[in-house]
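A.B. asks: Would you mind keeping the following structure in view while I ask a few things?
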Amino acid sequence: MAQYLEGPQQQLRAYSPAVVTEGGRIVWMAGQIATVDGDGKDISGNFEAQTHRVFALMDQTLQRVGGTLANLVTMTVFIKEPRYGDRFVEIRKEKFADGHYPGSALITVTNFARPGIEIEIQGIAVIGDRA
């Protein structure tokens, strides 16, 4: 069961100030990156393509344990370029179209472990009964 607390700023920026859960299994996800798309095409340096691919990979990981991206209750997002913050919010709104946004932190970093990486997302999901 998950309860998503709401607030005006949080709805605008597509995150919840808190998500309360009861029961279910907790899935602690490692940071996810992507430098190739689903077809193996290089997407190094392409923020938008990497963001869509990272969300797809997270969803695939969660499906392996009986969940989906909708089970994500919090995420820590690292981006290299602050100018992409608003675009990230738009993409996150698409991925959580029901308005049940995970809690989130959006952090800019100087660089990542590999060249060409523009974004990394780490998350926690709860799989079980949902409100």
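The values are calculated or read from the model by the stated rules, or taken from the named source; none is laboratory data. This structure is a prediction, so every number in the text was calculated from the model and none was measured. Every residue, glycine as well, gets a Cβ built from its backbone with ideal geometry; the counts of neighbours run over all protein chains shown. Surface accessibility is based on the protein's heavy atoms, side chains included, excluding ligands, DNA and RNA. Shrake-Rupley method; radii C 1.70, N 1.55, O 1.52, S 1.80 Å.
A.B. asks: Of these, 68, 108, which one is at pLDDT 95 or above and closer than 26 Å to residue 8 by Cβ?
C.D. replies: Result of the check over 68, 108: 108.
A.B. asks: Can you tell me which residues in the range 23-41 are surrounded by fewer than 17 Cβ atoms within 10 Å (Cβ to Cβ), over 13 Å from the mean Cα position of the chain (by Cα) and in contact (Cβ under 8 Å) with a residue 60 or more places away in the chain?
C.D. replies: Listed by number, the residues that qualify are 23, 25, 26.
A.B. asks: Can I ask one more? Only residues in the range 74-102 that are open to solvent by 60 Å² or more (accessible area, probe 1.4 Å) count as the first member; pair them with residues that are assigned to a loop (DSSP other than H, G, I, E, B) and not polar (S, T, N, Q), Cβ under 6 angstrom, at least 6 apart or cross-chain, and list the lot.
C.D. replies: Note: pairs meeting the criteria are 93/14.
A.B. asks: For the range 87-131, which positions are touching a helix residue (DSSP H, G or I) at 6+ places or on another chain (Cβ under 8 Å) and on the phi > 0 side of the Ramachandran plot?
C.D. replies: The one that is touching a helix residue (DSSP H, G or I) at 6+ places or on another chain (Cβ under 8 Å) and on the phi > 0 side of the Ramachandran plot: 99.
A.B. asks: Would you confirm whether any residue within the range 81-94 is touching a Ser or Thr at 6+ places or on another chain (Cβ under 6 Å) and among the small types (Gly, Ala, Ser)?
C.D. replies: No.
A.B. asks: Quick check, is residue 110 assigned to a strand (DSSP E or B), out of contact with any Asp or Glu (no Cβ under 7 Å at 6 or more places or on another chain), hydroxyl-bearing (Ser, Thr, Tyr) and farther than 16 Å from residue 51 by Cβ?
C.D. replies: When the stated conditions are applied, residue 110 does not pass them.
A.B. asks: For the list (1) open to solvent by less than 60 Å² (accessible area, probe 1.4 Å); (2) touching a Ser or Thr at 6+ places or on another chain (Cβ under 7 Å), I need the number of the one condition that residue 54 fails.
C.D. replies: Here residue 54 meets the rest and fails (2).
A.B. asks: If a residue must be within 12 Å of the chain's Cα centre (by Cα) and open to solvent by less than 40 Å² (accessible area, probe 1.4 Å), how many such residues does the range 106-131 contain?
C.D. replies: 4
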